[in-house]
Amino acid sequence: MTIRRATATATGTAKARTRSWLKPLAGAVLMSTAALMTSALAVKSTESEATTVSHGYSFYGDLDYPADFEHFDYVNPDAPKGGELAIPFIGTLDSMNPYSGKGRAHAFSVYPYESLLSDAAPADKYGQSYCLLCETVEYPEDKSWVIFRMRPEARFSDGTPVTAHDIAFSHNLLLDQGLKSYADFIRRLIPKVEVIDDHTIKFYFADGVSRRSLIEQVGGVPAWSKKWFDETGQKLNENWIEGPPGSGPYVIDEIDLSRRIVLKRNPDYWGKDLPVNQGRHNFDSLRVEIFADDTAAFEAFKAGEYTFRAEGDSKKWASGYDFPKVDSGAVKLEELPNGAPPASSGIVFNLASPELQDRRVREALALAFNFEWSNESLLYGLFDRRASFTQNSPLMAKGVPEGAERAFLESLGDLVPNEMLTEEVYIPPTSDPSRLFDRRNARKAAALLDAAGYTVGDGGMRMSPDGSAFELDFLFSSSSSPTTRGVMENFVDNLENLGVQVNFEVVDTAQYTSRERDRDYDLVVDSYTTFLGTGTGLEQRFGSEAAAFSLFNPAGLASPLVDEIITRSLHAETREEETTIMTALDRALRHEFIMIPLWYNPNHWAAYYDQYEHPAEIPPYSLGYLDFWWYNEDKAKALRDAGALR
């Protein structure tokens, strides 16, 4: 289940505050329907309590788009509709059900499904959600419940209405048959859902828990057709190829999991005129071509078998795009700014592995990774080294904690190690770019391993304290780029030079997915979702309660310190307080040392046949080529006439 972004609301007739709730209102505030449609928020009073009614939700009261907005600022509302955009997928697929926890499904499998709140937009604002299937969202000051009033015109692609019954059914289906980590987490937070009428649904939130992110959570539940599940007998926890009808702008038109998946625009899409959809969903069809490896995929791109490539391989970007179609201008290359913090990717430690329990061991292994040599020798110097879980954002911890952050950490008492207060936050060490094996860092690594009891035995191999060989299993996916594989193989060579035996296992995507879910590895290249604010999803990603089984926590981190910081963040009452606590969370996660940070690209690399256009300014949180780019028929005809495209 996708964790939605944390958000909030404010004003209308209510006075804005920096607190996370609105002041109680004295007396009733009556508001007409017309006024409701033209103000950002309406606050009304029932017999028992004042409530907020809005066209969207933002936790701190900062909805930038008013109720009568016409379109998001970054889109082209006059973008033409038409054409096709085709992309590659590298690896194997065996399902179109990403919710089962079984098999591997493509992202296209979720495209047909919408939710009460739009979860993909706006791409220019953090922490704001706007109504999609709902018309309004209503909640009291303490956010102990939320009511969504739905759009009666909403329809599934089979023509049947989307009702509150479908939303309640979908919510309960996720609890009964969805991922265990999600279900266990949500049950304790959301004890009850009530269908008030066909188009009104109310969710109740548990007492004594943070209400942060809960409105976004229930507002992000995918809407599935109860009728379809009742008639087919299909289970959510089973693989499927043809799933239930969705209510979104695209329907699945073709599925061949060994070759391609095609989405077609639904000509009868009910929501095409909504403000949240203006300038979006511009292509008549979206196609994904499936390849076993990236070499075959790249050759297919050069041949025109697909038309858009979001490049992630620095070697290809630096030296691979020298073919005639680039020279002629048929294929266009662009570097576009990426304003979002990069994914928190790295070589993740399985903290349940006996060999990796000691933090000194993990630090020693990290010293064997020579980013500077890898960047210059294999990555063409195109990347920066990531250090933070919220890199380059205002939440990124720096230096020694000071001011409000230090005061917060001191308030946590003995949970905070003294070195977190007195030493600078962890930054990956630099290495000699002229040689793969950095002797200075190798000496530091050897000293740490010796101190942890992993001493050198016969043959130069490190031995565990119990006398067995120090050996690690490194799981790696065959669908990863050859360049990344080369970097990891060189890292393994450095580990073996330190006396650590490494079984570097390259497996196909299906086996990789299965073993990753079972946490059958010591090391794995993976990532954690970055954060720009707090939310209950942090407990799924970093919390102790779900550490043993959460798919979102590949290290299995279980830290009382991190737990307490997350709990405190969920009760932050101002954005400033939240920023302070989240900076402390970044510092704590870096102290826990759950991964070796890898690299990031500050730009998007886009290679595409020159038949597409995009807004002049790309929003910070999405490149959006499947969302708000569009097709230029005149350019496409010129490419066909020149023989560059079929």
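The values are calculated or read from the model by the stated rules, or taken from the named source; none is laboratory data. Just so it is clear, the model here is predicted, and its values are computed rather than measured. With ideal geometry, Cβ positions are generated from the backbone for all residues, glycine too; neighbour counts draw on all protein chains shown.
Got at least one residue in the stretch 227-236 being touching a strand residue (DSSP E or B) at 6+ places or on another chain (Cβ under 7 Å), surrounded by fewer than 22 Cβ atoms within 10 Å (Cβ to Cβ) and not β-branched (V, I, T)?
no
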Subset of the stretch 592-604 (residues that are closer than 25 Å to A318 by Cβ and either in the same structural domain as V331 (by TED's automatic domain parsing) or out of contact with any helix residue (DSSP H, G or I) (no Cβ under 6 Å at 6 or more places or on another chain) (or both)):
P597, L598, W599, Y600, N601, P602, N603, H604
Condition first: in contact (Cβ under 8 Å) with a residue 40 or more places away in the chain, closer than 30 Å to R515 by Cβ, crowded, with 18+ Cβ neighbours inside 10 Å and touching a Ser or Thr at 6+ places or on another chain (Cβ under 9 Å). Can you find one or more residues in the stretch 146-158 that meet it?
no
If I filter the stretch 507-546 down to residues being under 20 Å from the mean Cα position of the chain (by Cα) and β-branched (V, I, T), which single residue comes out as nearest to G346 (Cα to Cα)?
V525
Being surrounded by fewer than 20 Cβ atoms within 10 Å (Cβ to Cβ), touching a residue at least 24 places away in the same chain (Cβ under 8 Å), over 17 Å from S477 (Cβ atoms) and among the small types (G, A, S) narrows it down to one of G537, G556, so name that one.
G556
Out of the stretch 578-592, which residues are closer than 16 Å to G399 by Cβ and of a type in the set (A, V, I, L, M)?
A584, A588
Within the stretch 302-319, of all residues that are outside any loop (DSSP other than H, G, I, E, B) and not small (G, A, S), the one surrounded by the most Cβ atoms within 10 Å (Cβ to Cβ) is R309
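Can you spot a residue in the stretch 543-560 that is of a type in the set (G, A, S) and either part of a helix (DSSP H, G or I) or at positive phi (or both)?
Taking every residue of the stretch 543-560 in turn, at least one turns out to be of a type in the set (G, A, S) and either part of a helix (DSSP H, G or I) or at positive phi (or both).
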Within the stretch 244-301, considering residues that are small (G, A, S) and more than 21 Å from A223 (Cβ to Cβ), the one surrounded by the fewest Cβ atoms within 10 Å (Cβ to Cβ):
S258
I need a count of the residues in the stretch 343-388 that are outside any loop (DSSP other than H, G, I, E, B) and within 19 Å of I427 (Cα to Cα).
22
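Quick check: anything in the stretch 632-641 among the charged types (D, E, K, R) and under 21 Å from the mean Cα position of the chain (by Cα)?
Restricting attention to the stretch 632-641, the residues satisfying the condition of being among the charged types (D, E, K, R) are 633-635, 637, 640-641.
Then drop every residue that is not under 21 Å from the mean Cα position of the chain (by Cα), which leaves none.
Checked the stretch 632-641: no residue is among the charged types (D, E, K, R) and under 21 Å from the mean Cα position of the chain (by Cα).
Condition check ((1) of a type in the set (F, W, Y); (2) modelled with pLDDT of 90 or more; (3) more than 22 Å from the chain's Cα centre (by Cα); (4) not in a strand (DSSP E or B)) across all residues:
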{"residue": "D450", "(1), (2), (3), (4)": "no, yes, yes, yes"}
{"residue": "M488", "(1), (2), (3), (4)": "no, yes, yes, yes"}
{"residue": "F491", "(1), (2), (3), (4)": "yes, yes, yes, yes"}
{"residue": "F504", "(1), (2), (3), (4)": "yes, yes, yes, no"}
In the set A584, A606, which member is of a type in the set (A, V, I, L, M, F, W, C), closer than 25 Å to Y60 by Cα and either under 18 Å from the mean Cα position of the chain (by Cα) or modelled with pLDDT of 95 or more (or both)?
A584
Selection within the stretch 550-605 - more than 25 Å from I347 (Cβ to Cβ) and among the hydrophobic types (A, V, I, L, M, F, W, C):
L570, A572, I581
Listed residues H165, H171, H199; which is within 25 Å of T534 (Cα to Cα), touching a residue at least 12 places away in the same chain (Cβ under 8 Å) and either surrounded by 15 or more Cβ atoms within 10 Å (Cβ to Cβ) or in contact with a helix residue (DSSP H, G or I) (Cβ under 9 Å, 6 or more places away or on another chain) (or both)?
H171
Among the residues of the stretch 543-552, which ones are of a type outside the set (G, A, S) and within 15 Å of D520 (Cβ to Cβ)?
F549, L551
Search result, residues across the stretch 460-487 that are closer than 26 Å to L382 by Cβ, surrounded by fewer than 20 Cβ atoms within 10 Å (Cβ to Cβ) and out of contact with any helix residue (DSSP H, G or I) (no Cβ under 8 Å at 6 or more places or on another chain):
R485, G486
Might you check whether a residue that is part of a helix (DSSP H, G or I), under 21 Å from L395 (Cβ atoms) and among the polar types (S, T, N, Q) occurs anywhere in the stretch 406-414?
yes
